[in-house]
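Peer 1: Below are the structure tokens for one structure; questions will follow.
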Amino acid sequence: MEKEEKLTIRISEGDLLLIDEYLERNPQFGSRSEFIRKVVFNFIERSESPMSGETARNIRISPSMEDSISKAIERGFFVDSADAINSILTEAERQKVLLKIIQEKYEDKRAAEDIFADFDRNVRPYGTGSSSNPRIVRKRE
């Protein structure tokens, strides 16, 4: 087993109070040390991620998802929203959700291209003198 080193940090009473209040609501951390370790490693992981920083902060989620994540954080399932979103994305990656979404979008795009190609083959615009308001007529075969 790897030897653990003791680390001493200075923290204001107000910040320590915030940590202690959080730990009261989230007993799964067990101790201040465990909580601080988790937060530090989450920070390192997020900051070294290719989607860290500005990109990660600009992810838009639905209000219902945001509400669910907030409730899960309040109940101690996640440290913060970044931890929750990271867990969700990790599970999505495990289940190959992104690949499935890309395949569906590809198939939808192909279907739309087929519809437009069919439209172009069977319909021609018929000008009415105004290029902004053409009439559509079926081509005669």
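Peer 1: Residues in the stretch 129-137: is at least one modelled with pLDDT of 80 or more and either small (Gly, Ala, Ser) or outside the structural domain of Glu24 (by TED's automatic domain parsing) (or both)?
Peer 2: No, that holds for no residue.
Peer 1: For the stretch 81-115, give me the residue count where each residue is within 25 Å of Leu23 (Cβ to Cβ) and without any contact (Cβ under 8 Å) to a residue 24 or more places away in the chain.
Peer 2: 5
Peer 1: Find the residue count for the stretch 1-46, including only residues that are acidic (Asp, Glu), surrounded by fewer than 13 Cβ atoms within 10 Å (Cβ to Cβ) and part of a helix (DSSP H, G or I).
Peer 2: 6
The values are calculated or read from the model by the stated rules, or taken from the named source; none is laboratory data. A quick note: this is a predicted structure, and the numbers were derived from the prediction, not measured. Because the Cβ atoms are built from the backbone with ideal geometry, glycine has one as well, and the counts that use them run over all protein chains shown.
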